[in-house]
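A.B. asks: Dropping the structure in here first, questions after.
The values are calculated or read from the model by the stated rules, or taken from the named source; none is laboratory data. In this text, all values refer to a predicted model and were calculated from it rather than measured experimentally. Cβ placement follows ideal geometry from the backbone for every residue including glycine, while neighbour counts extend to all protein chains displayed. Heads up: the accessible areas ignore ligands, DNA and RNA and are worked out on the full protein's heavy atoms, side chains in. Shrake-Rupley method; radii C 1.70, N 1.55, O 1.52, S 1.80 Å.
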Amino acid sequence: MLQRFLVALLPVLTLLAACGGESSAGPFYQAVPKVCDLVSKQVTSSYVGDVTGKRTDFVAKYVDKEGGVTADECSWEHTQEIRSGDRLLRTYSRRLTVAVIRYPEKDDYGHTGTQLAENDYESTKKAARDTNALIREEPGLGQGAFLQNMGGPYILLKYRRGNLIVEIHSYFFDSTDPQAAKSENRQLLQSGVLAVAREVDAKLASSR
């Protein structure tokens, strides 16, 4: 009797999961969000400058039309030039890019969007560790997050929330000191990336 009950219950549980019920694996998102709306001017102005985000409607490096993968990306950039008359003394810039990749409900092989996102996240993290890249896990974001120093003035944070993958890139450049981000500016980059990640994650969580 118990075995027949479990067999009958399985399709119901599967249906509930597909409809977006919360689970240990995370929620299911029906659409990719508009990334520019996820990051406030207050946060970007603190770590980048007083700029407006520019959204990319089609993100070729992420989107797989046949596989049903969709994505949105937004970038904020602030560049300042310091001159003495006609002579350029210094170029200083910061750039922040946030991309959200959404995996479909299922692929042609029966893998769920959550499984596909989890595989994306885990394989990227493993690849970073295999190449001895500087990496640390960041608790409290989605269902897993890691922060990676991509070398010099470039920081990447990647995390998974349900069937979504969020990537946040931060870049710093100072023409007078190409290695500037290896000191105090690296801490600023990391602080900015984490602040953006927490804001994005909170908004994604509240959109359920």
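A.B. asks: Those residues that are assigned to a helix (DSSP H, G or I) and more than 16 Å from the chain's Cα centre (by Cα), I need them from the stretch 33-68; list them, please.
C.D. replies: Lys41, Gln42, Ser45, Ser46, Tyr47
One line per residue, one yes/no per condition, for (1) at pLDDT below 80; (2) more than 25 Å from Lys41 (Cα to Cα); (3) charged (D, E, K, R); (4) open to solvent by less than 10 Å² (accessible area, probe 1.4 Å):
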site	(1), (2), (3), (4)
Leu164	no, no, no, yes
Asp177	yes, yes, yes, no
Gln187	yes, no, no, no
Leu194	no, no, no, no
Arg198	no, no, yes, no
Lys203	no, no, yes, no
Arg208	yes, no, yes, no
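A.B. asks: Please work out if Val7 is at pLDDT below 75, part of a helix (DSSP H, G or I) and either among the hydrophobic types (A, V, I, L, M, F, W, C) or out of contact with any Pro (no Cβ under 8 Å at 6 or more places or on another chain) (or both).
C.D. replies: yes
A.B. asks: Look through Ser84, Ser93 and report the one residue that is farther than 30 Å from Gly68 by Cα, loosely packed, with under 10 Cβ neighbours inside 10 Å and modelled with pLDDT under 85.
C.D. replies: Unique residue meeting the criteria: Ser84.
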